[in-house]
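The values are calculated or read from the model by the stated rules, or taken from the named source; none is laboratory data. Remember, predicted model here, so these are calculated numbers, not experimental data. Cβ: placed from backbone, ideal geometry, glycine included. Neighbour counts: every protein chain shown. Please note that ligands, DNA and RNA were not included when accessible areas were found on the heavy atoms of the full protein model with its side chains. Shrake-Rupley method; radii C 1.70, N 1.55, O 1.52, S 1.80 Å.
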Amino acid sequence: MSDIIKLLPDAVANQIAAGEVIQRPASAVKELLENAIDAGSDNISLVIKDAGKALIQVIDNGFGMSETDARLSFERHATSKIATADDLFNLNTKGFRGEALASIAAIAQVELKTRVEGNDLGTQILIEGSQVKEQELCSTAKGTSFSIKNLFFNVPARRNFLKSNPVEIKHIIEEFQRVAMVHADISFSMYNNGNEVFNLKKGSFRQRIVGIFGDKVNQKLVPVEENTDIVSVVGFVGKPEFAKKTRGEQYFFVNDRFIKNAYLNHAVNNAFDQLLSKDQHPSYFLKLTIDPAKIDINIHPTKTEIKFEDERSIYAIIRTAVKQALGKHNISPTLDFEQESSFNVPLMKSSDTIKAPTIKVNQDYNPFETKTVSPSVNTNNRSFAKQSTEKWESLYSDFEKDTSEIIEHKQEKEEQKVISPDWDNEESSSFVESDKQTLIQLHSKYILAQLKTGSLIIDQERAHTRILFESYIQNFAKGQGITQQLLFPETLDFTTADAELLNELQTEIKQLGFDFEKMGKSSFVVSGVPVELKEQNVKKIIEGLLEQFKLNESELKLKKHENLAISMARSASVKTGKKLSYEEMKALVDELFSCEMPYSLPNGKPTTITLNLEDLNQQFDY
Ligand code: ADP
Ligand code: MG
């Protein structure tokens, strides 16, 4: 048999390749806009006719092409952007494959006009189905203009496959927005059938977003910013009250390239956590900057997926960044307390000053320094443990006091109340207000806090567990907890199994703040306890700790530190049923929202729920 393998002519090869690169008019738009950006332009126009089926024109004021380059640009694998394989690991341009123009020229009629600075005349090339029809000198503005006419003119199957004009134009606008949004330093305009669709001036990222989505979006944006060695995250998230039922404005950009990534999307959703209902989606506009060597550069021209070397860390950083942004900008409930309470009964003595709640943002936070905990935990918030224990000391000491003083005080003032809510007639609901914050304890279990936008219900036991958990994680990070020496050391007897376990875990348990020595087979002398425990029932707490630890180990297979921290937090936390004074509630709420992850326990169970005022109004049929 004679040889039958032939090399395909370039025109055919290009047409086949074009099928991958250019699927619809919007793909050509993306390629041309990206080329214009790579050419250093600061003004780019897109002109569309008949949803791109008749004309796609991109005009830029970039550095243009010489006559030779203009001709070469249509060759396959012709690129000025990389020269060696090493360059692939240091990409700073949108394109690098040298395929787009060859592909477009294979399936359309293309007119190129381009001129470099310093030349009087530019070059004009007409190319159709990969055939150069004309090449001549022309007078044209500095920069480049590509006109793509009759896309798929020679591939009828493709042309017939295109969707209706409204669908195709929607895809084009989407591509235009994705490219224009992240390049706010370039002015962009778009015309469709002679009508101006966008006219975006140079400005900030915020101005660009507003330019694209309209003035109303401005008030919805909360800035996000986080710089770490691995990634920097800059941009905005939408305030929760503007969240939509449909996935709308969700934009991730990596090194100025739009990407889709379900995992990172989850990180943002997770940061919004309790702030949104299940069927709501946050909007976000986040620009990530990463060393190009740390991402998979083999980006398919039409695909928006991307692979990261260290996806988990990036997840944690994004989540933290968004959470902190929401906290800093009064979205997080602590910062958003109603200033004017409807019941004006100051329970605190007038000499007491009320500190406005603050969110601590740890600038040093680098989630990569610790390996002991899940990404959800910030172990490096150095100020946390100390402040936390200071406030909690007073909380614990207050527990010992009779709360009757406060209740009495409340009754004295009762008459002055305009409205006297009847909270289940429950004597114990030591509901308290101040002119700064309204905090009411319900059923000795929940704390109701009034916010501008609604109410927040905090589960006291879970909230305290979260606070302690983070402070114990801190202890492990630092290698030690703060110990309160007992006036009278206690000798405690344990079961043999528990004594074994205690012995095995003694280094870590000492890091939690305990101080003890083994005495005999299953007895220990405890001479110090974590400072926040004071003189509570030490034996019960240690037994609770060991019990929880065993349970978690068998069921959850947690890491040792994480397990000990959560077990100890569970064992030592304020329990449901405990009456709390105003100061105790205030300390609890403040500390909770100083946590890295205030809204849930490490196992995901909520610590707080929000009652949205609008939802309430709706339920009352307002
Ligand atoms: P790639 O962008 O992957 O390099 P393209 O086929 O899109 O491949 O473009 C080929 C080459 O043509 C580019 O590398 C660039 O040198 C040149 N080029 C394309 N568009 C422009 C433009 N608008 N201005 C200047 N040069 C351009
Ligand atoms: Mg390109």
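Cross-linked pairs K30/K239; K239/K260; K245/K605: Cα-Cα separations exceed 25 Å for K30/K239. Percent of C-alpha pairs per 5 Å bin in segment 50-108, short distances first: 4, 15, 20, 24, 20, 11, 4, 2, 0. Only protein atoms count toward the accessible area here, which uses a 1.4 Å probe; on segment 207-328, the carbon and sulfur part of that area reaches 45 percent.
Using the Cβ-Cβ distance between M1 and T93 with R0 set to 41 Å, the FRET efficiency works out to roughly 0.30.
Estimated at 0.36 nm per residue, the fully extended path between D279 and R206 surpasses their Cα-Cα distance by 23.6 nm. Averaging Cα coordinates gives a centre for segment 188-233 and one for segment 442-498; these two points are 44 Å apart. If R0 is 35 Å, the Cβ-Cβ spacing of T304 and N119 corresponds to a FRET efficiency of close to 0.40.
K478 contributes an accessible area of around 90 Å² to the protein surface, as traced by a 1.4 Å probe with all chains present. With 0.36 nm allotted per residue and the present C-alpha distance subtracted, the N218-E311 stretch has 30.4 nm of extension available.
Each of F153 and V197 was given a label point 7 Å from its Cα along the Cα-to-Cβ line. The distance between the two points is 2.2 nm.
In the context of the full protein assembly, R159 retains an accessible surface of approximately 80 Å², using a probe radius of 1.4 Å and ignoring ligands and nucleic acids. The calculated pair-distance distribution of segment 13-72 uses every alpha carbon pair, bins of 10 angstrom beginning at 0, and gives 21, 43, 35, 2 percent.
In the P(r) worked out for segment 136-191, what percent of Cα pairs fall beyond 14 Å? Everything past 14 Å amounts to 73 percent.
Put simply, when 173-180, 9-16 are sorted by average Cβ atoms within 10 angstrom per residue, most first, you get 173-180, 9-16. Using the 1.4 Å probe convention, the accessible area of segment 207-328 works out to 44 Å² per residue with neighbouring protein chains retained. Distance distribution P(r), segment 207-328, all Cα-Cα pairs, bin width 10 angstrom from 0: 13, 47, 32, 8 percent.
Of the cross-linked pairs K81/K216; K49/K142; K540/K560, which ones have a Cα-Cα span greater than 32 Å in the structure shown? Distance filter (> 32 Å) returns K81/K216. Note that segment 497-622 carries a Kirkwood radius of 17.1 Å, evaluated over its alpha carbons pair by pair. For segment 207-328, the relative contact order is 31 percent, taking Cα pairs closer than 8 Å that sit 6 or more residues apart in sequence and dividing their mean separation by the residue count.
Each eigenvalue of the Cα gyration tensor of segment 227-280, multiplied by 5 and square-rooted, gives one semi-axis; in descending order these are 22, 13, 10 Å. Overall shape of segment 10-203 was characterised from the C-alpha gyration tensor. The equivalent ellipsoid obtained from it has semi-axes of 22, 21, 18 Å, in decreasing order.
Fully extending the segment from F63 to H266 would add 69.0 nm, taking 0.36 nm per residue of separation and subtracting the current Cα-Cα distance.
Packing, taken as the mean count of other beta carbons within 10 Å per residue, orders the peptides 130-137, 107-114 from highest to lowest as 107-114, 130-137.
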